[in-house]
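Presented below is the structure to which this report refers.
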Amino acid sequence: MSEQLLPGYIIRRGSALDRSLLLKFMQRTYHDLFPNEDFSHLEQTVKQYFSSDTPLWWVEFSGEGDQGIRGVEEQAENNQCSMPNAPAPCPRPNAQCPIACLWVGNAIDQVQGNRHAHIFILYVLPEHRRRGIGRALMRYVENWAIQRGDRQIGLQVFQSNKPALNLYNQLGYQTQSLWMVKFLSTEQ
């Protein structure tokens, strides 16, 4: 079942059949930030964490409203995905390929001990950015989390991802902890 997220865009719940498309979105997300890296290892993340307990939502261009984008209509008509390395036809026959995704898991607050939603990935294809889709997805997941009784939402964002940091700051997200990394040398 799908519903309107914004004029011109619908949101629908994903399923276990979307595993390979989720992996493509994850790889694209990281490739955008780190273009010279290999992200084949993300397949293990999807295998380990993607389940009925970790909901996935897709955003698709509905062609309605005034969000018309040349090329997107053709993509819908031709049933083509704009994902890199995607098969020529959309993996979901007779359906338009997603232009954004939101995958949410569960975490435990280490201070209070409460379960809460944790955003694994929020990604919008570049040609659909700056249209309010990311903000709408964040509001959507916040409402979903409130309905299930969560008191907070967590996420990880790279410090170099300034557009995402700006969005989360505008929505009232605050840094609670810092994840620090030290790269170790195997040479002594």
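The values are calculated or read from the model by the stated rules, or taken from the named source; none is laboratory data. A quick note: this is a predicted structure, and the numbers were derived from the prediction, not measured. Reconstructed Cβ throughout: ideal geometry from the backbone, glycine too, with neighbour counts over all protein chains shown. Quick note on the areas: whole protein, heavy atoms, side chains included, nothing else; ligands and nucleic acids left out. Shrake-Rupley method; radii C 1.70, N 1.55, O 1.52, S 1.80 Å.
Yes or no, residue by residue, for (1) more than 21 Å from Val141 (Cβ to Cβ); (2) among the basic types (Lys, Arg); (3) within 16 Å of the chain's Cα centre (by Cα):
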position	(1), (2), (3)
Glu3	no, no, no
Leu6	no, no, no
Leu23	no, no, yes
Arg28	no, yes, yes
Phe34	yes, no, no
His41	yes, no, no
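If you go through segment 92-143 and keep only what is surrounded by 21 or more Cβ atoms within 10 Å (Cβ to Cβ) and among the small types (Gly, Ala, Ser), you end up with Ala100, Ala117, Gly134.
The residues of segment 157-171 that are open to solvent by 50 Å² or more (accessible area, probe 1.4 Å), in a loop (DSSP other than H, G, I, E, B) and without any contact (Cβ under 8 Å) to a residue 24 or more places away in the chain amount to a single one, Gln159. Which residue, of Val59, Val72, is modelled with pLDDT of 95 or more, surrounded by 15 or more Cβ atoms within 10 Å (Cβ to Cβ) and not basic (Lys, Arg)? The match here is Val59.
For segment 17-33, the count of residues that are outside any helix (DSSP H, G or I) and either under 18 Å from Ser52 (Cβ atoms) or open to solvent by 50 Å² or more (accessible area, probe 1.4 Å) (or both) is zero. Summed over segment 144-156, the residues that are exposed (fewer than 11 other Cβ atoms within 10 Å of the Cβ) and either of a type in the set (A, V, I, L, M, F, W, C) or not in a loop (DSSP other than H, G, I, E, B) (or both) give a count of 1.
Just so you know, in segment 96-136 the residues that are touching a strand residue (DSSP E or B) at 6+ places or on another chain (Cβ under 9 Å) and β-branched (Val, Ile, Thr) include one that is modelled with the lowest pLDDT, and it is Ile108.
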